[in-house]
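Read-outs throughout are calculated quantities, based only on the coordinates presented, and are distinct from any laboratory measurement. If you're wondering where the values come from, they're calculated on a predicted model, not measured in any experiment. When we count neighbours, we look across all protein chains shown, and the Cβ atoms used for this are built from the backbone with ideal geometry, even at glycine.
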Amino acid sequence: MGKLKIKIRNVSSNTLPRYETEGAAGMDLKAHLESPILLEPMERKAIPTGIYIELPKGYEAQIRPRSGLALKKGISCANALGTIDSDYRGEIKVLLINLSKEIFEIQSGKRIAQMVIKKYTQVEWQETKELQESNRGEKGFGSTGM
């Protein structure tokens, strides 16, 4: 199976996002900064990457937290997961949040998030007055057990 070709523009001095292992689903995104940024506890900031992409229609780029940063430093994506739409042509910025009690320093080139390219389908709503019955019905949060 051939790989999907996506146009990318990189205005940073960082390498292009790439898969670090053969089985990786996500590519690391790196910060593109003129000077380090301090992220205070519970603070959120949009961190530039210097990356611009042109996704084909029917695809999105999902921006996800890096598990190591989340576990070791309490750093996550404020809108996890974030979506880059196929018609967006601006710079990819990562909305980071510091969930720890410590100040976190972000330097240019630091791996701050991961990006996964996914296919999606747009829907057309069919308005109705009734929905087909199911075994679960209207049972919600926690209804399938703990």
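Inside the range 58-68, can you point out the residues that are of a type in the set (D, E, K, R) and outside any strand (DSSP E or B)?
Listed by number, the list holds a single entry, Arg66.
Please work out which residue is nearest to Gly68 (Cα to Cα), limiting yourself to the range 27-53 and to residues that are surrounded by 18 or more Cβ atoms within 10 Å (Cβ to Cβ) and small (Gly, Ala, Ser).
Filtering the range 27-53 for residues that are surrounded by 18 or more Cβ atoms within 10 Å (Cβ to Cβ) and small (Gly, Ala, Ser), the one nearest to Gly68 (Cα to Cα) comes out as Ala31.
For Val123, which of the numbered conditions (1) assigned to a loop (DSSP other than H, G, I, E, B); (2) among the aliphatic types (A, V, I, L, M); (3) surrounded by 11 or more Cβ atoms within 10 Å (Cβ to Cβ) fails to hold?
(3)
Looking at the range 22-57, which of the residues that are hydrophobic (A, V, I, L, M, F, W, C) and not in a strand (DSSP E or B) is nearest to Ile103 (Cα to Cα)?
Met42
Which condition from (1) surrounded by 13 or more Cβ atoms within 10 Å (Cβ to Cβ); (2) out of contact with any Cys (no Cβ under 8 Å at 6 or more places or on another chain) is the one that Glu138 breaks?
Among (1) surrounded by 13 or more Cβ atoms within 10 Å (Cβ to Cβ); (2) out of contact with any Cys (no Cβ under 8 Å at 6 or more places or on another chain), the lone unmet condition for Glu138 is (1).
For the range 1-58, what are the residues that are among the hydroxyl-bearing types (Ser, Thr, Tyr), farther than 17 Å from Lys110 by Cα and touching a strand residue (DSSP E or B) at 6+ places or on another chain (Cβ under 6 Å)?
Tyr52, the sole residue that qualifies.
Examine the range 10-26 for a residue that is surrounded by 11 or more Cβ atoms within 10 Å (Cβ to Cβ), in contact (Cβ under 8 Å) with a residue 40 or more places away in the chain and among the aromatic types (Phe, Trp, Tyr), and state whether such a residue exists.
So far as the range 10-26 goes, no, none of its residues is surrounded by 11 or more Cβ atoms within 10 Å (Cβ to Cβ), in contact (Cβ under 8 Å) with a residue 40 or more places away in the chain and among the aromatic types (Phe, Trp, Tyr).
Residue by residue through the range 82-96, note down the ones that are in a loop (DSSP other than H, G, I, E, B) and surrounded by 14 or more Cβ atoms within 10 Å (Cβ to Cβ).
Ser86, Tyr88, Glu91, Ile92
Quick check: anything in the range 56-66 small (Gly, Ala, Ser), touching a residue at least 40 places away in the same chain (Cβ under 8 Å) and surrounded by 13 or more Cβ atoms within 10 Å (Cβ to Cβ)?
Within the range 56-66, one or more residues are small (Gly, Ala, Ser), touching a residue at least 40 places away in the same chain (Cβ under 8 Å) and surrounded by 13 or more Cβ atoms within 10 Å (Cβ to Cβ).
Identify the residue in the range 84-114 that is touching a helix residue (DSSP H, G or I) at 6+ places or on another chain (Cβ under 9 Å) and of a type in the set (Gly, Ala, Ser) and, among all such residues, is nearest to Lys72 (Cα to Cα).
Ser100
Go through the residues of the range 97-120 one by one and say whether even a single one is of a type outside the set (S, T, N, Q), assigned to a loop (DSSP other than H, G, I, E, B), under 19 Å from Leu16 (Cβ atoms) and within 12 Å of the chain's Cα centre (by Cα).
no
Does at least one position in the range 69-81 carry a residue that is of a type in the set (Gly, Ala, Ser), within 13 Å of Met115 (Cα to Cα) and loosely packed, with under 14 Cβ neighbours inside 10 Å?
No, the range 69-81 has no match at all.
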